[in-house]
Each structure stands twice: as C-alpha cells, then as structure tokens.
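Each value in this text was obtained by applying a stated rule to the coordinates, not by laboratory testing. This is a predicted model, so every value here is computed, not measured. When we count neighbours, we look across all protein chains shown, and the Cβ atoms used for this are built from the backbone with ideal geometry, even at glycine.
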Amino acid sequence: MLWLHRTFGFIEHYHYGDPAAISGAQMYLGRAFIMLKAAPGATPADVGKGTQSLTIFVDDVDAHFARTKEAGAKIVEDIQETIYGERQYGVEDLDGHHWLFSQHARDVSPDEWGATIGARPNV
C-alpha cells in the first residue's frame, strides 16, 4: 500500500485485519476507489503474465506520469494519445499488475475507431 501511495498517489481510506498482516484496504486517487485484498498464491510477476489491467482517470496525466517515472516504476507504455481519445500511459506495480493512468483528451465515438456498440444498459 505504501508503494501505491508513494508512486501513484493513492491515499488509504481504511484497512482491516491484524495490524501485523493487513488483510485488505480501500484506497483512492481523485474519484477512483480501489479495494485491495491480500491473496494467497502467485502474483502476475511470479507467473510471468498479466492477469488484469486497471484504468484510473486522473486530472493531469502528464504530471502523474512524471511522478510515477521519478518514483522508478516500470513504465510499460509511454504516454500517448489513443485512437479512442484518451491520453494515457501504462505501468506495472511491484507484483506485476498492469495499470493504465488516463485523461480524456477528445471526444471520439466508439464506432469511429472500430468498436462495436452493444445494447445500452437501463440505468
């Protein structure tokens, strides 16, 4: 958790479990909340392949990229503007989990970049 704070800027909202071996925690960055849980078994770094990717939207992706790079994190995708209108970069944490940090750059309809639009959920 400390690495996520120092490197990405996440702030702990709460944690639970034995203080000597925290079981889980909720952290946030801006309006993005993540839940962390200690999991037995292998990490992506242990098995040599990714198991998931999280995308977190930040207000200033360029400043966030600079902070992350300065902290020495493993950048796996340099900062770029995507075909779908996001400015983003990719990074791996210490366990090999993949993260994308993104900022909206321009409005692009999904069908303009080749996505297939499905049914709209009733919310």
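Annotation: amide H-H contacts under 5 Å for Ala105 (H modelled 1.01 Å from N, sequence separation of 5 or more, or interchain): Glu86, Arg87. Loop sites here are trypsin sites (Lys or Arg not before Pro) outside DSSP states H, G, I, E and B with no more than 11 other Cβ atoms within 10 Å. The longest part of the chain free of them is 50-105. If Lys and Arg each add +1 and Asp and Glu each add -1, what is the summed charge of the other residues whose beta carbon sits under 13 Å from the beta carbon of Tyr89? Summing Lys and Arg as +1 and Asp and Glu as -1 gives -3. Measuring from a point 7 Å past the Cα of Lys69 along Cα-to-C-beta, which residues in the stretch 7-25 have an amide N at less than 16 Å? Answer for this model: 8. Phi angles of the stretch 45-56 translate, via the Karplus equation with coefficients 6.51, -1.76, 1.60 and θ = phi - 60°, into HN-Hα couplings of 5, 5, 8, x, 7, x, 10, 5, 8, 10, 10, 10 Hz per residue; Gly and Pro are given as x. Extension gain, Ala115 to Met1, is 37.5 nm, computed as 0.36 nm per intervening residue step minus the present C-alpha separation.
Which value, in debye to the nearest 20, describes the size of the charge dipole of the chain about its Cα centre when Lys and Arg Cβ atoms bear +1, Asp and Glu Cβ atoms bear -1, and nothing else is charged?
The dipole of the chain has a size of about 260 debye.
Quick one: grab the alpha carbon gyration tensor of the chain, order the square roots of its eigenvalues as a ≥ b ≥ c, and give me rounded if a/c is under 1.5, else prolate or oblate depending on whether a/b is larger than b/c.
It is prolate, given that a/c is not under 1.5 and a/b is the larger ratio.
Scanning residues 5 or more positions from Val76 or on other chains, those with amide H under 5 Å from its amide H are Gly90, Val91, Glu92, with H placed 1.01 Å from N in the peptide plane.
Report, to the nearest 10°, how far helix 61-70 tilts away from the longest principal axis of the Cα atoms in the chain, using its own Cα long axis and a range of 0 to 90°. Helix 61-70 sits roughly 40 degrees off the main axis of the chain.
So how strong a dipole does the stretch 51-121 carry about its Cα centre when Lys and Arg Cβ are +1 and Asp and Glu Cβ are -1, to the nearest 20 debye?
100 debye
The slack in the chain from Tyr16 to Ile83, taken as 0.36 nm per residue of separation less the alpha-carbon distance, amounts to 20.1 nm.
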